[in-house]
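Asker: There's a structure below that I have some questions on.
What follows draws every value from the coordinates through simple rules; no lab data is involved. Here the structure is a predicted model, which is why all the values come from computation and not from measurement. Backbone-built Cβ (ideal geometry, glycine too); neighbour counts: all protein chains shown.
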Amino acid sequence: MTVRPIRMFDDPVLRAVAAPVHDFDRELRRLVKTLTATMRAGAGRAGLAAPQVGEAVRVVVYAYDGKAGHLVNPRLELSERRVTADEACLSAPGVWWPLERSYMVTARGRDMFGKPVTVRALGILARVLQHEVDHLDGVLFSDHLEESERARFLAEALPAG
Ligand SMILES: [Zn+2]
């Protein structure tokens, strides 16, 4: 199992729109395993998106509260009900910030063999899925903050030097 270094907030790969997966091949299965191993390598890690290990393809993994898995080419349906909770990103270690997200999601995508999968989640896991799918579109969670708050966030996430 390979654990890869996690790309930090200012890495351009985190701003790219990730490409859809077309080939459900060995390389994809290896990537899912690498993402899972990298997520599990640190305590409290609940999700990881492929761009965070430098691969701009639409793959995410998640593990929270006994629910774990992966999604290839995920699409999310969001509930109108929204809740605010502290959120963090492995690409900006140690910085937690309150953020409003949908309370429930239905995620549809494929597994690493190409089989369609649906994941229904609420609360923290719903938040994790929204956060990870954002990464596939080059969106960082600080992008959801008000401008003044974002400046404060970036000052904490990217200390000078
Ligand atoms: Zn993140």
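Asker: Positive end of the charge dipole of the stretch 12-157 (Lys, Arg +1 and Asp, Glu -1 on Cβ, about the Cα centre): tell me which of 46, 103, 22 has its Cα farthest that way.
Answerer: Positive-most Cα among the choices belongs to 22.
Asker: May I ask for the angle, rounded to the nearest 10°, between helix 147-157 and the longest principal axis of the chain, with both axes built from Cα atoms and the value confined to 0 to 90°?
Answerer: It works out to around 70 degrees.
Asker: Counting other C-beta atoms within 10 Å, which of 2, 106, 34 has the fewest, and how do the rest follow?
Answerer: 2, 106, 34
Asker: Please tell me the relative contact order of the stretch 33-135 in percent, rounded to the nearest whole number, where contacts are Cα pairs under 8 Å and at least six residues apart.
Answerer: Details: 187 pairs, mean separation 24.4, N = 103.
Computed over the stretch 33-135, the figure is 24 percent.
Asker: Right, next: In which sequence would 91, 148 go, from the one with the fewest C-beta neighbours within 10 Å to the one with the most?
Answerer: Result, fewest neighbours first: 148, 91.
Asker: A follow-up question, please. How far apart, in nm, are two points set 7 Å out from the Cα along the Cα-to-Cβ line at residue 96 and at residue 83?
Answerer: About 1.5 nm, to one decimal.
Asker: If the elastic network links every pair of Cα atoms under 10 Å, which of 68, 56, 107 fluctuates the most in the Gaussian network model of the chain?
Answerer: Result for the chain, Cα springs under 10 Å: 68 fluctuates most.
Asker: Could you give the Stokes-Einstein D for the stretch 48-143 in µm² per second, using the C-alpha Kirkwood radius, 20 °C, 1.002 mPa s?
Answerer: 159 µm²/s
Asker: Something else about it: Which of the GluC sites (Glu not before Pro) across the stretch 1-99 are loop residues per DSSP, with 12 or fewer other Cβ within 10 Å? Intermediate results must be reported in sequence, preceding the final value.
Answerer: Numbers: sites: 27, 55, 77, 80, 87; in loops: 55, 80.
Answer in residue order: 80.
Asker: Same structure again: Give, rounded to the nearest 20 debye, the magnitude of the charge dipole that the stretch 12-157 has about its Cα centre when Lys and Arg contribute +1 at Cβ and Asp and Glu contribute -1 at Cβ.
Answerer: 640 debye
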